[in-house]
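Values quoted throughout were computed directly from the atomic coordinates according to the rules given, and no laboratory measurement underlies them. Keep in mind the model is a prediction, meaning the values are calculated, not measured. Cβ coordinates were reconstructed from backbone atoms using ideal geometry, including for glycine residues, and neighbour counts include every protein chain displayed.
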Amino acid sequence: MRLMRLMNKMKENCFRVCFAGCLVTWALVTGCNKPPENATNGSGSKSITVALMPKSKGNAYFISCRKGAEEAAKELGVKILWDGPTEPDPAKQNEIVETWITRGVDVIAVAAENRAGISTALRKARGKGIKVVTWDSDAEPDARDFLVNQATPEGIGKSLVEEAAKAMNGRGEFAIITASLTAANMNEWQKQIELTRAAKFPELKMVALRPCDDLKDKAFNEATALLNAHANLKLIMAICSPAVPGASEAVKQSGRKDVKVVGLGLPNDNRRYVKEGITPSVILWNTVDLGYLTVRACHALATGELKAGATKFSGGRLGALEIKGDNILLGQPFVFTRENIDRFDF
Amino acid sequence: MHDRSGWRRWLGIELVLTLLLCMELGIFSRTATNFWTAQNFFEVLRLSVEIGLLAVAMTPVILTGGIDLSVGSLLGLCAICFGKLWRDAGLPPLVAGIATIGLGVGLGSLNGVLVTRLRLPPLIVTLGSFSLFRGFAEAITKGVDNFTNFPASFLFLGQGYLFGVIPAQLPVFMLVALAVWLLVHRTVIGRGLRAMGYSPEGALYAGLPVSSRLMWVYGLAGGVSALSALVYVAHVGQAKADAGTGYELLAITAVVLGGTSIFGGKGSVHGTLLGLAVLVVMKNGLILSDQPGELVGIVTGVLLLTVLSGELLMKFLSRKSEVRRRERLLKTR
Amino acid sequence: MGLWLAAPDFFKARQLLSLATATSPVLVAAMGVSMVILCRQIDISIGSQFALCSVFVGLAAQRGGGPGELLALAMGVGGLMGAVNGALVAGVGLPSIVVTLATMVTWRESLRWWREGEFVRDLPETFQWFGAAQSSGQWMVIGAGVSVLGGMVWFTQFCSGGRFIYAVGSDPEAARLAGIRPRMVTFLVFVAAGAFTGLAASLNAVRFTDVDPKTGTGLEMQAIAAVVVGGVAVSGGRGRVLGVFAGVLLLACIGPGLVFLNLPPQWERAIQGGIILLAVASDGFSARTGHRNAISGGKHHA
C-alpha cells in the first residue's frame with residue numbers, strides 16, 4: 001500500500017518534471033531567440049503581407065469579397081492571409097488580430113463584427129506599427145487608418161426603405177428579418193431604416209422583427225409564420241444575405257401575390273426570384289470590388305502611397321476614387337433588378 | 001487506485017499530452033512565424049484565460065459525474081449584468097464585479113438545486129438553463145444594448161500587463177486554478193467529489209452530504225463563470241448578450257482531453273490545464289503558420305478521439321502486461 | 001398548449017400545413033436521436049451530419065441524380081457517419097458525448113473548409129419536391145415524417161429489435177446475460193440515427209431550390225430538447241416515441257407562436273429554456289424514481 005502511494009507520488013513528480021521541462025525549454029529558446037520580426041515599411045523589394053479578416057467565415061458574401069481581394073493581391077504581388085472566426089464573434093476576432101500582431105504582418109484589414117469589441121486589439125496593432133484598415137463595417141475611428149466604405153448605414157437604410165416603398169406603393173405593413181438580435185451593423189441599419197421611414201414614408205408600418213440566425217432555412221420558417229400571422233403584410237425586408245432567398249421562397253410557396261421581398265443579398269442567390277418578380281430588387285454593392293479595393297488600399301498604405309489627408313485614391317481597375325476624411329468610398333449601394341441582374345456573377 | 005508499477009506508471013494521459021505538447025512546440029517552431037518568443041508565450045496564456053477559467057471550474061463538476069452546459073450562457077448573462085450594474089445602477093466596477101460573482105454563484109446553485117432536489121440529470125438541467133440564461137441576456141438588452149467605455153482601471157484586468165510583460169488576468173487565473181487544484185486534490189471534499197462521481201449512492205451511504213456538495217460544485221462553476229465574464233468584458237472592452245457563445249464546448253473539450261472521465265470519478269485539474277495548453281498552443285500555432293481557422297476545429301476533433309483512444313489502448317496494454325507479470329510471479333513462486 | 005388559444009389564426013390550415021412540412025425533417029431526426037438516448041447514449045453530431053448530407057444531396061442533384069438515388073445517397077452518407085460514431089462508442093469504448101462532440105466539430109469544420117459556406121445552387125427543376133407539384137410535395141414530406149413516426153412506434157413497441165434497445169438502455173450487462181449483444185445494438189443504433197439524419201436532410205433539402213451548407217446548425221440541441229421534453233430519460237431505457245412526437249410539436253410551435261402573439265423575439269430563447277426546465281421538472285416531480293442521474297452512461301466503470 002505504501003509502495004503504491006509512493007509510486008503514485010513518483011508518477012506525479014515525473015509528470016511535473018516533464019511539464020516544467022517543457023516550460024524551461026520554451027523560456028530558454030525564447031531567451032536566445034532574436035527579437036520578433038518587425039513589420040517592414042515595405043520598400044517594394046520585400047513582399048508585403050496583408051491580413052484580411054471577414055466578419056465570419058463560411059459566408060457567401062465574404063467569399064465573393066475574397067475573390068476580389070485575391071485578384072488585387074495577384075496584381076500587386078501581395079501575400080494575403082485570410083482568416084476569421086467561424087461564427088461572428090467579437091472575442092474571437094480579437095484573438096486572431098492579437099495573434100496576427102504577434103506574427104508580424106504589414107497591414108491588418110478587418111470587417112468589424114463589433115465596433116467597440118475589435119478596437120482594443122486594433123489600437124494595439126497600431127501601437128506596434130502595423131497599419132490598420134477597416135472594411136465592410138467600421139471600428140472606432142481612432143483604431144484604424146482608413147475605412148474602405150462600401151456604403152454608409154444611412155445609404156443602406158435609405159435605399160432599402162425607398163425600394164420597399166416603391167414595391168408597396170408607399171403604404172402598408174412590412175416585417176424585417178435580421179440575422180441575429182445582437183448583430184451590431186444590422187441594429188445600426190434598423191435604426192436608419194426607422195429614421196428614413198419616419199421622415200419620408202410615415203404610411204409604412206413595421207409590424208414585426210424576426211431573427212433567422214443567418215440561416216436560410218430558418219429565414220424560410222420565420223417568413224412563413226409572418227405571412228400567416230399578418231394577413232395585411234405587403235413586404236418582407238430581409239437584411240442579411242441568406243434571409244433574402246429564404247424569405248422569397250416562403251412567399252413563393254405561400255402563393256401570395258400581394259407580398260414582395262426586398263433585401264440585402266447577392267445576385268447569384270436571388271436571380272431566380274428577381275426574375276420571377278417575387279423580389280423586385282436586391283440591394284448590394286459590388287462585393288468583389290470591395291475586396292479588391294481593400295487590398296489595393298492596404299498595399300498603398302504599406303508602401304506609403306496613401307497617407308492621411310489624401311483626397312484621391314487610384315483603385316487599379318476601379319479608376320480614381322474619392323476619399324472623404326478617412327473613408328475611401330466605393331460608391332453608392334447598387335440596386336439589382338430584373339433588367340440588370342444578369343450582368344453580375346457573384 | 002491504479003495499480004501500475006515500473007515503466008508502466010508512465011503510461012498516463014499526462015504523458016500523452018506532454019508528448020503531444022512537445023510535438024506541437026516542435027512542429028510550430030518550424031512552421032510558425034514568431035512562435036518562439038516570450039511575447040507569444042504570454043499572449044497564448046492571456047488568450048486562454050476565459051476558457052481556462054471555465055474549464056477549471058468544469059473539472060469538479062465532471063468529476064462528480066455531472067456536466068454544466070450553461071457556463072457559456074452564464075458568462076454572457078453575467079457580462080450583461082455587470083454592465084447593467086456599472087452603467088445603469090452607477091456602481092463602481094469593484095462592487096459591480098463582486099455582485100456579479102454573487103449572481104453567478106446564485107445562478108450556478110440554481111442548476112445545483114434542480115439537479116439535487118428534483119434529481120434531474122445535469123445534462124438536461126443545464127441544457128435548459130443554457131437556453132434560459134442566454135435568453136435572459138438577450139431579453140434584458142433586447143439584443144441591442146452594448147455596454148462599453150469601461151474605466152481604464154477596470155480594463156487593466158483584461159488588457160494591462162504587470163511589469164510590462166505579464167498579462168494582468170494571468171495571476172487571477174493561476175490563483176483560481178491553484179485553489180481548485182487544492183480543493184480537488186488536497187482536501188477531503190475533493191476526494192468526496194470523486195467518490196460521488198464513482199457512485200452517488202455509495203457516497204451517500206458513506207455519509208457524504210451529496211446534495212450540499214453538489215450545490216457547492218455547481219455554485220462554484222457559476223461563480224467562476226462570472227469571474228470569467230469579468231475577464232472577458234475587460235479583455236474585449238464591451239459586454240453584449242452574445243458573449244461566450246460556444247465556450248461551454250471548448251471548456252468541456254479541454255477537460256475531457258485532460259483525461260477527466262465524462263462519467264465522473266477520475267480526472268485531475270492539472271490534466272485539464274495540460275489539455276487546455278495542447279488546445280490553445282495548437283490554435284495559436286496554426287494561425288501563426290497561416291493555416292485557415294477551420295483546421296483548428298478539425299484537428300481538435302481528431303486529437304480528442306486519438307488521445308482518448310490512445311489512453312484506452314495504453315490502459316489495455318498495461319493491464320495485459322500486468323497480468324503477464326503476475327503470472328510470471330506466480331510461476332517463480 | 002392552451003396558450004395558442006390566444007391566437008386563433010394559428011390554427012388556420014395553411015399555417016399548420018407549413019408548420020408540419022417544416023417540422024417533419026426535425027421529427028425524423030429526433031426519432032434517430034431518441035433511439036440513441038433510449039440506448040443510454042447521446043449524439044450531438046447530428047446537426048453537422050445533417051449539413052453534410054444536405055450538401056451531398058445538393059451536389060448529387062446537380063449531377064442529375066433522381067429522387068431514389070438522392071434518398072439512398074443521403075441515408076448512406078448519414079449511415080456512414082453514424083457508423084464512425086458507433087464504431088468509436090461501441091467498438092473502442094469511448095463515451096458517446098465525447099465522440100460525438102469530436103465528430104460534430106470535425107464534420108462541421110471540414111464542410112466549411114470545403115464549401116466555404118457557398119450555397120449549392122442551380123439545381124434542376126425536378127429537385128424541389130422531388131419534381132412533384134408543391135402541394136403534393138408538401139404532403140409527401142409530411143407523409144414521410146408520419147410514416148417514419150408510425151414505423152418507429154411499431155418498431156419500439158412490437159419488434160424484438162426495438163425492445164433490445166430498451167434492454168441495452170436499461171442495463172447493458174443484464175441485456176448481455178439475456179443474450180443480446182449490447183455493443184452490436186449500440187453500433188446499429190448510431191448507424192440508424194445517421195441514416196435517419198440523412199433522410200431528414202433530404203426531406204428538408206427538397207423543400208427548397210438550393211442548399212445552404214450552414215443548415216442544421218443547432219439541430220442537435222433542438223432534437224435532444226424535444227426528446228427530453230417528450231419524456232425520454234437520458235439515463236436510457238425509458239420513454240416513448242409518441243412522447244417525442246409531442247415534444248417536437250411543442251418546441252416547433254414556440255417560434256411561430258410568438259409571431260402570432262406578436263411577442264418580442266428577444267424572449268424566444270428564454271421561453272424555450274423555461275419550457276425545457278418546466279417539462280423535465282414536472283417529470284422529475286411526478287416520477288421521483290431512484291434512477292441514477294448518470295449522463296449517457298455507456299458502460300460502468302471497471
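Just the number, please: Stokes-Einstein D of region A:292-332 in µm²/s, Kirkwood Rh from C-alpha pairs, 37 °C, 0.692 mPa s.
Working: Rh = 10.2 Å.
Rounded, D is 323 µm²/s.
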Of C:F119, A:V110, B:G135, farthest towards positive along the dipole that unit charges on Lys, Arg, Asp, Glu beta carbons give the protein assembly as shown: B:G135
Dipole magnitude (debye, nearest 20) for chain B, charges at Cβ of Lys, Arg, Asp, Glu: 1620 debye
Surrounding net charge for A:L81, when Lys and Arg each add one and Asp and Glu each subtract one, Cβ distance under 9 Å: 0
Nearest 10 degrees, 0 to 90: helix B:169-186 Cα axis against chain B principal axis: 40 degrees
Selected from C:A192, C:A178, C:A144 as most flexible by GNM, with chain C as the system and alpha-carbon contacts under 10 Å: C:A178
For chain C, with +1 on Lys and Arg beta carbons and -1 on Asp and Glu, the positive-most of C:Q157, C:A246, C:L277 along the dipole: C:Q157
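Can you give the calculated 222 nm mean residue ellipticity of chain C, where each DSSP H run of n ≥ 4 adds -39,500 (n - 2.57) and the sum is split over every residue, rounded to the nearest 500 deg cm²/dmol? Don't skip to the end; give the middle numbers.
Details: 11 runs with 200 residues, N = 302.
One gets -22500 deg cm²/dmol as the mean residue ellipticity at 222 nm.
Can you compute the charge dipole magnitude of region A:153-284 about its Cα centre, using +1 on each Lys and Arg Cβ and -1 on each Asp and Glu Cβ, nothing else charged? Give it in debye, rounded to the nearest 20.
Values: 18 positive and 15 negative charges, 83 e Å.
My answer is approximately 400 debye.
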Relative contact order %, chain A, counting alpha carbon pairs below 8 Å whose residues are six or more apart: 18 percent
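Considering Cα pairs under 8 angstrom that are at least six residues apart, work out the relative contact order of region A:153-284 and quote it in whole percent.
Values: 259 pairs, mean separation 34.1, N = 132.
Rounded, it is 26 percent for region A:153-284.
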Computed log₁₀ I(q)/I(0) - Debye formula, equal Cα scatterers, no solvent, region A:224-283, q 0.15, 0.29, 0.30 Å⁻¹: -0.35, -1.27, -1.34
Euclidean distance of C-alpha centroids, region A:268-330 and region C:18-41, integer Å: 46 Å
Region B:216-312, relative contact order in percent, only Cα pairs under 8 angstrom and at least six apart counted: 18 percent
Under 16 Å from the Cα of A:K234 - lysines, other chains or at least 8 residues apart: A:K166, A:K205, A:K252, A:K257, A:K260
Taking the convex hull of Cα positions in region B:81-153, its mean projected area over all directions (nm²): 5.6 nm²
Charge dipole (region B:158-306, unit charges on Cβ, about Cα centre) - positive-most of B:Q291, B:S199, B:G258: B:S199
Values of log10 I(q)/I(0), in the order q = 0.05 Å⁻¹, for the protein assembly as shown under a Debye, Cα-only, solvent-free model: -0.30
Reduced Cα scattering model of region A:153-284, Debye log10 I(q)/I(0), q = 0.10, 0.15, 0.19 Å⁻¹: -0.25, -0.59, -0.99
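Which of the GluC sites (Glu not before Pro) across region A:158-231 are loop residues per DSSP, with 12 or fewer other Cβ within 10 Å?
On the way: sites: A:E162, A:E163, A:E173, A:E188, A:E194, A:E203, A:E222; in loops: A:E203.
Answer in residue order: A:E203.
Average the reciprocal distances over every distinct pair of alpha-carbons in chain B, invert the result, and give the Kirkwood radius in Å. All intermediate terms of the calculation are to be shown ahead of the outcome.
Numbers: mean 1/r = 0.0475 Å⁻¹.
Taking every pair of different Cα atoms in chain B, averaging 1/r and inverting gives 21.0 Å.
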Region C:11-286: Rg to Rh, with Rh as the Kirkwood radius over Cα pairs: 0.97
Descending principal axes extents, chain A, alpha-carbon based, whole Å: 81, 66, 33
Enclosed volume per residue, in Å³, of the convex hull spanned by Cα atoms of region B:242-307: 98 Å³
Loop sites in region A:243-346: GluC sites (Glu not before Pro), DSSP, at most 15 other Cβ within 10 Å: A:E305, A:E339
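What does the charge count around B:L183 come to, taking other residues whose C-beta lies under 15 Å from its C-beta (Lys +1, Arg +1, Asp -1, Glu -1)?
Values: positive: B:R186, B:R191, B:R194, B:R213; negative: none.
Around B:L183, the charge tally is +4.
Rounded to the nearest 20 debye, what is the charge dipole size of the protein assembly as shown about its Cα centre when +1 sits on each Lys and Arg Cβ and -1 on each Asp and Glu Cβ?
Details: 94 positive and 71 negative charges, 648 e Å.
Dipole of the protein assembly as shown, to the nearest 20 debye: 3120 debye.
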